[in-house]
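The values are calculated or read from the model by the stated rules, or taken from the named source; none is laboratory data. The structure displayed is predicted, hence computed values, not measured ones. Glycine gets a Cβ as well: all are built from the backbone with ideal geometry, and neighbour counts include every protein chain shown.
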Amino acid sequence: MSSDAPQPIAPAAEHIHQGFEQYNRQFRRITNRARRRFEQRDWKGQMADIAARIELYEYWVRRTVKALKTDLGATFSDHNTWSSLREYYGLRISAMPDAGFMKTFFNSITRRVFATRGVDRSVEFVQPPPEEGLESLVMRRYPAWDDLESNAARVLRDFRFRRPYGDAAHDARVIAKAIRNALGRDADQRCLRFEFIDTHFFQSTRAYLVGRIKLADQTQPVVIALRNDGDRQGIRVDAVLLSTEQIGVVFSYTRSYYFADPTSVVAAVQFLHDILPRKPIDELYTVLGRLRQGKTERYRSLMSHLKQTD
């Protein structure tokens, strides 16, 4: 199709993109309240935010469908129109950060329009989007110029809160000790740098820093759990997780959804999957609160499995 789309394809595609952007903007706005909830120990407010985020997706799908009825008029239920719309829309969002989310949103709208059961390949995006690569994920990096305690202290300082740490120096020692216990007494000499995703991961009454330790001979996943004990003790390190088994537990279906705002959710999921290779991609999307994308990835995984068993 040429870049000059016939009316009403262009305004319809724009409305779909605007609908996704409005959904995503509100999702992120609610997500970013989690920092204040944690600092103020407002756990009730956090639970309300979980429900609010879940309701957003369907709200914006319904609202966008309503706008499209006006845009498309008599062609609203025409498969050829939607096939052209998919192509036009897909070309314009190609290679954008989180383009996979935008395609899933488009598919949700077509399923509402046509009351689809299963998959309608004539109007839906079926192929998984190409991986974005971790370069779209902003990381904070801490070269190991000195000992582990000093590097851990820099991490805590960069990820500080309005409410102070109870004893940041003690917490830095806790982190360093855990790393040495896991990696050996020579961990200080082998460590090249720490790397952490540039956002807190809030869940229930904890905040997590998610990253990895680059060593001379390996890469070690690391998750630092923080808790807020209130005015007397402040915020402190609750645990340092350094095994895939431990980290896998905190990123599982059995726990509540995370509030995190990485620069690219797709790239963040890729990062998590790199350090948790046994964790299904769909489960990682789901625990980050992207329920519809989790469902999409679960379907793709099932279809891939069925093809392999034919």
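May I ask you to say which residue of T205, T244 is farther than 23 Å from A34 by Cα, among the polar types (S, T, N, Q) and in contact with a Lys or Arg (Cβ under 8 Å, 6 or more places away or on another chain)? Being farther than 23 Å from A34 by Cα, among the polar types (S, T, N, Q) and in contact with a Lys or Arg (Cβ under 8 Å, 6 or more places away or on another chain) holds for just one of T205, T244, which is T244. Within the range 193-234, the set of residues being of a type in the set (A, V, I, L, M, F, W, C) and within 17 Å of A268 (Cα to Cα) comprises F194, F196, I197, F201, F202, A207, L209, V210, I213, V222, V223, I224. From (1) part of a loop (DSSP other than H, G, I, E, B); (2) buried (at least 19 other Cβ atoms within 10 Å of the Cβ), pick out the condition that doesn't hold for S256. Unmet for S256, out of (1) part of a loop (DSSP other than H, G, I, E, B); (2) buried (at least 19 other Cβ atoms within 10 Å of the Cβ): (2).
Scanning the range 102-117 for residues that are of a type outside the set (S, T, Y) and at pLDDT 90 or above turns up M102, K103, F105, F106, N107, I109, R111, R112, V113, F114.
Scanning the range 207-218 for residues that are in contact (Cβ under 8 Å) with a residue 24 or more places away in the chain, surrounded by fewer than 16 Cβ atoms within 10 Å (Cβ to Cβ) and not hydrophobic (A, V, I, L, M, F, W, C) gives a single hit, D217. The single residue among T116, T104 that is assigned by TED's automatic domain parsing to the domain that holds R25 and surrounded by fewer than 16 Cβ atoms within 10 Å (Cβ to Cβ) turns out to be T116. The set of residues in the range 18-42 being farther than 18 Å from M96 by Cα and in a helix (DSSP H, G or I) consists of Q26, F27, R29, I30, T31, A34, R35, R36, R37, F38, E39. Within the range 155-169, the set of residues being over 14 Å from Y208 (Cα atoms) and either without any contact (Cβ under 8 Å) to a residue 24 or more places away in the chain or of a type in the set (F, W, Y) (or both) comprises R157, Y165, A168, A169. Could you look through the range 34-49, keep only residues that are surrounded by 15 or more Cβ atoms within 10 Å (Cβ to Cβ) and touching a residue at least 40 places away in the same chain (Cβ under 8 Å), and pick out the one that is nearest to T110 (Cα to Cα)? Top of the filtered list is D49. What about R236, is it assigned by TED's automatic domain parsing to the domain that holds R298, in contact with a Gly (Cβ under 7 Å, 6 or more places away or on another chain) and either surrounded by fewer than 19 Cβ atoms within 10 Å (Cβ to Cβ) or not in a helix (DSSP H, G or I) (or both)? Answer is yes for this residue.
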